[in-house]
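Report on the following structure.
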Amino acid sequence: MNIVLYEPEMPMNTGNIGRTCVATNTKLHLIEPLGFRLGAKEVKRAGLDYWPHLDVTVYSDYQDFLDRNPGAKIYMATTKAKKVYTEVSYDPDCYIMFGPESRGIPEEILVESEETCVRIPMWGETRSLNLSNSVAIILYEALRQNGFEKMTMEGELHRLSWDQN
């Protein structure tokens, strides 16, 4: 799986998303300009000790991203979509793109991709969800559809045993 952040603005969100990507073996793609420096302490604090394990690629702009990922199947997460994120089938190598926190993916990009635009349902006039929450919601649906391939499916207690009653 691939998560694409188009011009992300908030370092804490990007750090949280990076941590989610490490936990799910998902590649992170960042399209510049970024609203922060990648070395910013807020990014690293949010990503904790996971950040060095992150598979991340940075692109100078959207065209650079397209040029370096020819033929990529890109789903666009946007509040403007007609389709809900659970209504599509995600391939294991697809890309799920999210826009900047303050404005989302530009409509000039969305209009070229109507069939791959997806949204998270929300109640009433809610404008949007937090970016890192939105990434987690859609990413985990895509992973679920692919059987959570190679992911740890069972946990263990640290001090006790499940067999104890």
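Readers should treat all values here as calculations from the given coordinates under stated rules, not as data from a laboratory. Remember, it's a predicted structure, so these values are computed and weren't measured experimentally. Every residue, glycine among them, receives a Cβ derived from its backbone with ideal geometry; neighbour counts consider all protein chains shown.
Regarding the range 147-163, can at least one residue be identified that is under 25 Å from Arg19 (Cα atoms) and surrounded by 18 or more Cβ atoms within 10 Å (Cβ to Cβ)?
The first filter runs over the range 147-163 and keeps only residues under 25 Å from Arg19 (Cα atoms), leaving 147-158.
Applying the additional criterion that residues be surrounded by 18 or more Cβ atoms within 10 Å (Cβ to Cβ) yields none.
No, that holds for no residue.
Spot the failing condition for Gly71; the list is (1) free of Cβ contacts under 8 Å to residues at least 24 places away in the same chain; (2) under 17 Å from the mean Cα position of the chain (by Cα), and only one is missed.
Evaluating Gly71 over (1) free of Cβ contacts under 8 Å to residues at least 24 places away in the same chain; (2) under 17 Å from the mean Cα position of the chain (by Cα) leaves (2) as the failure.
Those residues that are over 17 Å from Leu129 (Cβ atoms) and either touching a residue at least 40 places away in the same chain (Cβ under 8 Å) or of a type outside the set (Lys, Arg) (or both), I need them from the range 74-93; list them, please.
Those that are over 17 Å from Leu129 (Cβ atoms) and either touching a residue at least 40 places away in the same chain (Cβ under 8 Å) or of a type outside the set (Lys, Arg) (or both): Ile74, Glu87, Val88, Ser89, Tyr90, Asp91, Pro92, Asp93.
Which helices (runs of 4 or more DSSP H) does the range 1-98 wholly contain that include 3 or more residues that are surrounded by 17 or more Cβ atoms within 10 Å (Cβ to Cβ)?
Values: elements: 11-24, 41-47, 62-68.
So the answer is 11-24, 41-47.
Here are Ser134, Ser128, Ser161: which of them is out of contact with any Phe, Trp or Tyr (no Cβ under 7 Å at 6 or more places or on another chain), closer than 27 Å to Ile31 by Cβ and among the polar types (S, T, N, Q)? Reasoning before the result, please.
Working: Ser134 fails: out of contact with any Phe, Trp or Tyr (no Cβ under 7 Å at 6 or more places or on another chain); Ser161 fails: closer than 27 Å to Ile31 by Cβ.
Unique residue meeting the criteria: Ser128.
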